[in-house]
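Report on one structure; see the data block that follows.
Please treat every number below as a calculation from the coordinates, not as lab data. Just so it is clear, the structure is predicted and the values come from calculations on it, not from any experiment. Positions of Cβ are backbone-derived with ideal geometry, glycine not excepted, and every protein chain shown enters the neighbour counts.
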Amino acid sequence: QMFLAALSFSYLSKMLAGTIMKSSITQIERRFGLTSSTVGFIDGSFEMGNLLVIAFVSYFGAKFHRPKVIAAGCFTMALGCFLSAMPHFFMGYYKYETASQRASSANLTSSINPCSPHQDVHESLLEVSRSDCDKEPSSNMWIYILLGNMLRGIGETPIAPLGISYLDDFAKEEDVPVYVACLHTVAMLGPMFGFLLGSLCARLYVDIGFVDLGSITITPQDSRWVGAWWLGFIIGGVASLLSAIPFCFLPKSLKKPEEANNDKTSYNLLENMGATGKKPTPAKPKPRKCQFTYPFLSDFYTSLKKVLGNRMYFTFLCSSLLQFNSFIGFLTYKPKYMEQQYGQTTSKSNFLIGLTSLPPVGIGIFLGGVIMRKYKMGIIAATKFAITMSFLAYVITLLHFFVGCENNVVAGRTVAYEGKTIPYHENAIFSDCNSDCKCASNVWDPVCGDNGLTYVSACLAGCTTSVGHGKNTVFHNCSCLEASSSWTGNSSAILGQCPKSEDCSRNFIYYTVIQVISGFFYALGGTPAYMIMFRCVQPELKSLAVGLYTLIMRVLAGIPAPVYFGALIDKTCLKWGSTSCGQRGACRLYDSNAYRYVYLGLSAVLRGPSYLISILFYILIKK
């Protein structure tokens with residue numbers, strides 16, 4: 001029971017740390033000025049670390065002191081989390097791009113005029129920017145996050161195989177499935193806490209405690225806002241560190257409750273979970289001295305050939321691979337989609353995922369197992385149930401296409417300065433109304449005009465005066481507001497983008513409801529689908545089949561999916577940010593319609609063909 005409690009906490013901490021990474025994707029992208037594909041590559045480094053040692057740990061881990069190997073894994077995870085947070089403490093304060101020096105003039109009631117016909121003002125700003133650039137540490141500090149994530153992947157490897165094999169070897173046979181169910185139930189709390197923690201951290205400014213927050217001109221709604229992403233990694237690291245301590249005091253082996261347990265192997269768990277009829281496991285043969293001789297390799301090759309030659313297993317593998325590519329890409333950029341499509345903050349996106357998306361999935365997984373047990377489903381019934389539930393979830397997911405929001409109304413980007421919609425390639429950042437202003441075209445410092453239009457900067461809105469400081473700055477005499485054909489009111493503007501329409505807020509509610517229902521149905525068929533894998537291969541090949549399945553999902557889905565999803569999302573960017581060194585930074589404004597069709601479309605295109613393969617799988621199972 002002590003081991004089970006320790007293992008449950010380690011499961012919780014590894015899921016917590018993993019979710020913190022997912023919830024910090026957008027923050028990391030903005031802080032380091034990265035593209036979505038690069039952030040996707042950083043996210044995939046966890047799988048790379050896992051793959052580096054999984055074969056070694058699975059084979060040799062059981063020969064060592066298993067609790068101490070798990071403790072070493074937890075310490076490594078903690079080290080990975082701390083390494084990921086480290087760049088924050090060496091990079092200096094976050095300098096977001098701004099069109100003026102307002103951030104450094106918090107005590108003034110009036111700052112420099114945004115629209116200035118004098119070139120020398122902007123030349124002095126450029127000189128300041130160049131001096132900042134010389135002092136700026138290398139922009140490649142994100143590599144430490146990649147290495148930390150990889151290290152976390154290495155540390156996580158021994159927890160599941162060695163933990164479950166230890167339980168299986170020293171617990172009563174009938175108790176093992178209950179213990180495993182406890183583990184997975186506790187593990188489900190990890191993502192929930194992770195997203196809620198990510199939500200809290202995203203609300204806090206990245207340099208909280210070190211800068212005067214009154215001088216900060218951006219809010220959490222701004223696409224330049226960076227939350228305290230590093231804080232989540234530190235909390236995740238502390239949790240991993242604490243989870244390692246109990247394993248240091250647990251023995252290598254425990255007193256076995258029954259004599260019959262002497263000849264159990266670590267693969268019995270798979271036998272108990274997957275086999276329709278339980279068979280007594282033969283006693284362990286005495287280990288041979290030469291285990292890496294050619295006969296050993298020959299046996300492995302024969303077993304591998306048998307598994308991949310099994311048409312049912314191979315079609316199941318292909319179908320799962322398409323599903324996993326769709327699922328991992330969708331999950332990685334889900335918070336970002338909610339921000340860009342519906343104008344939600346990173347904090348609110350993470351909070352809603354943790355509170356609305358994960359509980360229905362947990363309930364669905366549990367009910368799927370209950371239904372399977374109650375109706376004593378055989379392999380054909382389980383296949384039919386799994387395919388039906390998954391396809392129903394897929395059809396419901398397609399409704400997302402109809403509950404999107406229109407593009408942000410940004411003058412010179414998505415609409416003309418007169419307010420008319422313009423084609424994507426015909427955007428003109430300059431207009432007659434701001435031709436007298438010497439404005440920088442590469443800066444993103446948006447203001448919202450009283451006419452409901454967002455302008456790229458106060459200078460490009462033609463504003464000549466400003467009052468107030470920090471977030472409360474108000475710009476007046478904005479000539480471009482007067483150029484708007486239908487506007488006759490004030491010519492003032494405030495900091496930040498204009499909010500989305502009420503229709504968009506209503507569509508976001510529909511999006512959340514669709515997400516909850518589709519997630520529940522998808523999870524409902526999850527348990528039967530997982531059990532099918534055990535039942536379509538010979539009993540002695542089950543462990544190899546599961547290992548191969550995990551390996552292929554990680555190599556062909558876990559690593560590449562975030563990268564190519566991110567690369568396609570980058571194609572929909574309308575306005576790239578710029579760093580203090582003048583290099584391209586993170587994307588500030590996306591084409592909402594293109595983003596929706598790329599993100600949802602790619603997910604649907606990957607998942608659709610998997611159901612054709614599933615039908616083929618069902619025919620083979622029936623035969």
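Cross-link check: pairs Lys14/Lys334; Lys68/Lys252; Lys22/Lys348 evaluated at a Cα-Cα cut-off of 18 Å; pairs beyond the cut-off: Lys14/Lys334.
Which three semi-axes in whole Å describe the equivalent ellipsoid of region 432-495, each the square root of 5 times a Cα gyration tensor eigenvalue, listed largest first? Write out the running numbers ahead of the final one.
Working: eigenvalues 51, 44, 21 Å².
Semi-axes from the Cα gyration tensor: 16, 15, 10 Å.
Rg/Rh, computed from the Cα trace of region 202-261 with Rh as the Kirkwood radius, has the value 1.44.
R0 = 45 Å: FRET efficiency of Lys95 with Val395, Cβ-based, nearest 0.05? Let's see the in-between values first.
On the way: r = 47 Å, r/R0 = 1.05.
Result of the calculation: an efficiency of 0.45.
Select from Gly519, Tyr530, Cys498 the residue farthest towards the positive end of the dipole of region 488-554; place +1 on Cβ of Lys and Arg, -1 on Cβ of Asp and Glu, and compute about the Cα centre. Result: Tyr530. For region 502-623, the normalised intensity computed at q = 0.19, 0.20, 0.22, 0.23 Å⁻¹ comes to -1.27, -1.33, -1.41, -1.44 (log10 of I(q)/I(0), Debye sum over alpha carbons, equal scatterers, no solvent).
Under the criterion of Cα pairs below 8 Å and six or more residues apart, the relative contact order for region 434-548 equals 20 percent. The charge dipole of region 288-413, taken about its Cα centre with unit charges on the Cβ atoms of Lys, Arg (+1), Asp and Glu (-1) only, comes to about 600 debye. Modelled label positions at Tyr597 and Gln221, each set 7 Å beyond Cα in the direction of Cβ, lie 2.9 nm from each other.
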